[in-house]
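Colleague: Here it is, the structure, as structure tokens.
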Amino acid sequence: MTLEAGFDAHAIGRVYDEQADSYAEFADKSFTWEYIEKPGFDLYIPDLYTPDTKVLELGCGEGRVVRHLISRGIRPQDIIGTDVSGKLLEKARLRVPGATFFQGTLNDIELPLGSFDLITANMVFHHMDNETLEKTLDRIYELLSPKGQLFFVDTDPDHNLEGKLLENENRWFRQKTPWGTEIPYFNRHPSDFLEFFRLHGFDMTKGWPLKVSEEGNKDPKNYLSYLLHPSRMAARFKKTTKEIRSLRLSGNEPPLFDWIINVSADGTGDYIKKVG
């Protein structure tokens, strides 16, 4: 169901406050988290699993990504999580007492500029319209260190017919959830999505379709469903220089005309190259 009205961060926060208990119960045992999203982190950013990595987790929810990063060697005291849902943050603080959590958007929270080696966002950007996404990317650029990396996992709108239709691009939907509720979801074309990152100072180094891992065949029904219809995309980015970013935002660097997706032998996405 499409929605004409937009949603700001406060509205999204209220939605998740109302669903906090059902979502938190679902989150850790989610098939997509266990066999698609979490393996995506391990596939694309294992070199950043070090005791020296400073992390900001955007839209941390009840803390499942934070706990995974800690399990891979990142120190809890070096992780900051943010979310717009106070109810989910209450659960995150209980589950990960060593990390730091703040409520609000990145533009609401005072954080040291240039201090993060890695900023992550798992299933977050589809809760932002284009204007909010651009503001968030500007803030991410400011918060990352010069060699900092941005990594996200999100829903791929190309996995269903509704998301592919031109008339449904750049519109809000009310999307049914696997935990039995509905959430606001902003639908945008994948290539448009990537262009926002490029314009705001990020070059993708690897990424795109995430396939279900082989371990997921423990649940044959879900495994087959996600194998036939991949529903997640992921990408890792590095910061460009301020000069290149300025050129892009001013329109003085040529735009992208097309994207070529290379898929590796195991079916996971690899590099995406731009062509003119």
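Colleague: Can you name the number of the only condition in (1) in contact (Cβ under 8 Å) with a residue 12 or more places away in the chain; (2) closer than 20 Å to LYS38 by Cβ; (3) not charged (D, E, K, R) that GLY86 fails?
Modeller: (2)
Colleague: Could you list, in sequence order, the residues of segment 80-127 that are among the β-branched types (Val, Ile, Thr), in contact with a Ser or Thr (Cβ under 7 Å, 6 or more places away or on another chain) and over 26 Å from ASN187 (Cβ atoms)?
Modeller: Those that are among the β-branched types (Val, Ile, Thr), in contact with a Ser or Thr (Cβ under 7 Å, 6 or more places away or on another chain) and over 26 Å from ASN187 (Cβ atoms): ILE80, ILE109.
Colleague: Filtering segment 28-45 down to residues that are touching a residue at least 12 places away in the same chain (Cβ under 8 Å) and assigned to a loop (DSSP other than H, G, I, E, B), which residue is most open to solvent (accessible area, probe 1.4 Å)?
Modeller: This residue is ASP28.
Colleague: Ok, one more. Please state which of the following conditions GLY201 fails to meet, knowing it meets all the rest: (1) at negative phi; (2) over 13 Å from the mean Cα position of the chain (by Cα).
Modeller: Every listed condition holds for GLY201 apart from (1).
Colleague: For segment 233-248, what are the residues that are among the aliphatic types (A, V, I, L, M) and within 15 Å of THR120 (Cβ to Cβ)?
Modeller: Selection gives MET233, ALA234, ALA235.
Colleague: Specify which of the listed residues (ASP138, ASP158) is at pLDDT below 95, out of contact with any Asp or Glu (no Cβ under 9 Å at 6 or more places or on another chain) and surrounded by fewer than 22 Cβ atoms within 10 Å (Cβ to Cβ).
Modeller: On inspection, the qualifying residue turns out to be ASP158.
Colleague: If a residue must be modelled with pLDDT under 90 and open to solvent by less than 20 Å² (accessible area, probe 1.4 Å), how many such residues does segment 208-230 contain?
Modeller: 1
Colleague: So THR105 ticks every box in (1) in a loop (DSSP other than H, G, I, E, B); (2) open to solvent by less than 20 Å² (accessible area, probe 1.4 Å); (3) within 24 Å of ARG232 (Cβ to Cβ) but one. Which box is left unticked?
Modeller: (2)
Colleague: If the Cβ limit is 9 Å and pairs must be 6+ apart or interchain, which residue in segment 234-249 that is hydrophobic (A, V, I, L, M, F, W, C) and open to solvent by 20 Å² or more (accessible area, probe 1.4 Å) pairs with which residue that is part of a loop (DSSP other than H, G, I, E, B) and at pLDDT below 95?
Modeller: Between residues of segment 234-249 that are hydrophobic (A, V, I, L, M, F, W, C) and open to solvent by 20 Å² or more (accessible area, probe 1.4 Å) and residues that are part of a loop (DSSP other than H, G, I, E, B) and at pLDDT below 95, the close pairs are ILE244/GLU253; LEU247/GLU253.
Colleague: Please identify the pairs in which a residue from segment 121-135 that is over 21 Å from GLU182 (Cα atoms) has its Cβ atom under 7 Å from the Cβ atom of a residue that is open to solvent by 50 Å² or more (accessible area, probe 1.4 Å) and in a helix (DSSP H, G or I), counting only partners at least 6 apart or on another chain.
Modeller: Close Cβ pairs satisfying both conditions: none exist.
Colleague: May I pose another question? Among the listed residues LEU94, LEU69, LEU56, LEU48, which satisfies the condition of being farther than 18 Å from ALA20 by Cα, modelled with pLDDT of 95 or more and open to solvent by 20 Å² or more (accessible area, probe 1.4 Å)?
Modeller: One residue alone meets the criteria, LEU48.
Colleague: Another one. Those residues that are aromatic (Phe, Trp, Tyr) and in a strand (DSSP E or B), I need them from segment 111-137; list them, please.
Modeller: Matches in segment 111-137: PHE116 only.
Colleague: I've got another one for you. Of everything in segment 141-155 that's open to solvent by 20 Å² or more (accessible area, probe 1.4 Å) and within 21 Å of ASN107 (Cα to Cα), which residue is modelled with the lowest pLDDT?
Modeller: Among those residues, the one meeting the criterion is PRO146.
Colleague: If you don't mind, there's one more thing I want to ask. Would you check if there is a residue in segment 17-27 being under 17 Å from the mean Cα position of the chain (by Cα), modelled with pLDDT of 95 or more and not in a helix (DSSP H, G or I)?
Modeller: no
The values are calculated or read from the model by the stated rules, or taken from the named source; none is laboratory data. Just so it is clear, the model here is predicted, and its values are computed rather than measured. Don't worry about glycine lacking a Cβ; one is built from the backbone with ideal geometry, like all the others, and counts go over all protein chains shown. Note: areas computed on protein heavy atoms with side chains; ligands, DNA, RNA excluded. Shrake-Rupley method; radii C 1.70, N 1.55, O 1.52, S 1.80 Å.
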